[in-house]
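The values are calculated or read from the model by the stated rules, or taken from the named source; none is laboratory data. Since this is a predicted model, take the numbers as computed values, not measurements. Don't worry about glycine lacking a Cβ; one is built from the backbone with ideal geometry, like all the others, and counts go over all protein chains shown. Note: areas computed on protein heavy atoms with side chains; ligands, DNA, RNA excluded. Shrake-Rupley method; radii C 1.70, N 1.55, O 1.52, S 1.80 Å.
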Amino acid sequence: MKTKLLPLLLFAFATNAFAALDTPTEDFTDNNDGTVTHKKTGLTWQRCSVGQTWTGSSCSGTFALFTWEQMVTQSYGQWRVPRTDEFTTITEYGRYNPATNSSLFDLPNNKGFWTSSTDAANSENAWYWYSYSGFVSNGLKINTFGILLVKDGHSISSSGEYTPYTDFTDFGDGTVKHNLTGLVWQKCSLGQQWNGVSCVGDPTPLTWQQAASQAIGTNNWRLPTMSELHTIVEYKNSMPAINKNIFSNSKSDNYWSSNELAESSNGAWTVNFSSGYSCSGCAKDNTFFVRLVRGTWSAPTITTPVIQTTIDLSTTLSASTSRVKINENLTYTATVTNNGMGTANNSLLKFYLPPRNVSIVSMPSDCVTTGKSLTCSLGSLAAGANASRAIIVTYTKSGGASVSALALTDGEDTNSANNVSRVVTAIKK
């Protein structure tokens, strides 16, 4: 029967609470601007959560909370929300309360932080990282958690995969090299055999002590760390959450890591490959599966991300009233929103007025007229940003007036059908 350790009292003495750091300070460059760069991964991290500011030695301000939907609609400029596997690269599995290197980060304890990874098994859930112990789990997107931002590094491939086949070199002997880390993995779980095509047989469940002893003296094969295990989790998949073209017949179950639990010498960490969550208190006498690794995580491991550059401008136009009298002021307001993931540079908003019987009373200073049309400069619109312009006109003849507003940009718009909006106004005597 599989058991999980109960949380220990906070004052309990932990025999391995002072284990060597997984993220030693010398592995990071202090940029002296409230950020640090991880030499091992090439990722640059903000030292404080969103809502807080680095004072030079600690973080001040309010820890801001967001639902997942609020998080993804925020604009962070050059920064972004980290993936689940990226969060694990700054996790101190030999520490807790919080599970980070306090010389690098001043994060509040007992707080969840959103990742950019959604739950492949349930679209209502997304993944988060927990600062107390460093475990990752899935939770409802309506929950509110904090945000820690990162920039640079490897991003999800254009296929939407976290671990695409092209990121690996297959040696054809049952081993593969992950090109992003330099680590070499056994394609089969311990106990299975590689027959040249796939892994055959059943993997062998082992206790943590048995798993650790299996890795001794076997051509440098060893138990992977938690950070290393998370680099091969395929969060796009579930049951199992792994690239099945590389790691065939893998179990949707817990796989041992080399990291012991900081709160108790009786527990160790696992990654559950049913979906990718962490078990932060799995007792060492449980029997789980093993995938061995060898080599050293080379630096830098992670390349410049593929930046999403799609642009989708949409326009909405409204009038201050649907009926207006001759020579009475009427206000038209147009709003342009960039629904894409890239920046819309040199964006313009054009108002098209009826050719006759209309006069422009006022317009913004960044708008110019050409006949009965106005062109307003909106500058650059980042992903999710919007801009509005309002003009005031009067009509000199009764009837119906149709006005249009059109958004334009230098880049290719992926959905030009929503760039234009029209309203019709009744003009009365």
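The figures follow:
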| quantity | calculated |
| --- | --- |
| Segments classed as strands (runs of 3 or more DSSP E), wholly inside segment 327-367, with at least 2 members that are open to solvent by less than 20 Å² (accessible area, probe 1.4 Å) and modelled with pLDDT of 95 or more | 330-338, 344-352 |
| Answer from Thr118, Thr67 - the residue that is open to solvent by 10 Å² or more (accessible area, probe 1.4 Å) and either among the basic types (Lys, Arg) or modelled with pLDDT of 90 or more (or both) | Thr67 |
| Residue list for segment 400-409, filter: exposed (fewer than 13 other Cβ atoms within 10 Å of the Cβ) and touching a residue at least 40 places away in the same chain (Cβ under 8 Å) | Ser402 |
| Residue match in segment 214-231 (condition: open to solvent by 40 Å² or more (accessible area, probe 1.4 Å) and part of a helix (DSSP H, G or I)) | yes |
| Single unsatisfied condition, Ser116 versus (1) touching a Phe, Trp or Tyr at 6+ places or on another chain (Cβ under 6 Å); (2) in a strand (DSSP E or B) | (1) |
| Residue within segment 84-92 that is farther than 21 Å from Tyr132 by Cα and not aromatic (Phe, Trp, Tyr) present | no |
| Matching entry among Leu190, Leu183 (being in contact (Cβ under 8 Å) with a residue 12 or more places away in the chain, among the hydrophobic types (A, V, I, L, M, F, W, C), in contact with a strand residue (DSSP E or B) (Cβ under 6 Å, 6 or more places away or on another chain) and open to solvent by less than 50 Å² (accessible area, probe 1.4 Å)) | Leu183 |
| Top-ranked residue of segment 382-418 - restricted to ones that are at pLDDT 90 or above and under 29 Å from the mean Cα position of the chain (by Cα), ranked as farthest from Gly340 (Cα to Cα) | Ala387 |
| Odd one out for Thr394, checked against (1) open to solvent by 80 Å² or more (accessible area, probe 1.4 Å); (2) out of contact with any Lys or Arg (no Cβ under 9 Å at 6 or more places or on another chain) | (1) |
| Any hit, segment 365-383, residues being more than 16 Å from Asn329 (Cβ to Cβ), touching a residue at least 40 places away in the same chain (Cβ under 8 Å) and of a type outside the set (A, V, I, L, M, F, W, C) | no |
| Checklist (1) farther than 20 Å from Thr296 by Cα; (2) open to solvent by 20 Å² or more (accessible area, probe 1.4 Å); (3) modelled with pLDDT under 95 applied to Glu260, failing item | (1) |
| Counted residues, segment 178-195 - those being among the β-branched types (Val, Ile, Thr) and part of a strand (DSSP E or B) | 1 |
| Failed criterion for Thr375 (all others in (1) in contact with a Cys (Cβ under 8 Å, 6 or more places away or on another chain); (2) outside any strand (DSSP E or B); (3) hydroxyl-bearing (Ser, Thr, Tyr) hold) | (2) |
| Hits in segment 70-101 - residues which are hydrophobic (A, V, I, L, M, F, W, C), open to solvent by less than 50 Å² (accessible area, probe 1.4 Å) and outside any loop (DSSP other than H, G, I, E, B) | Met71, Phe87, Ile90 |
| Residues of segment 37-49 that turn out to be at pLDDT 95 or above and either in contact with a helix residue (DSSP H, G or I) (Cβ under 9 Å, 6 or more places away or on another chain) or open to solvent by 30 Å² or more (accessible area, probe 1.4 Å) (or both), as a count | 2 |
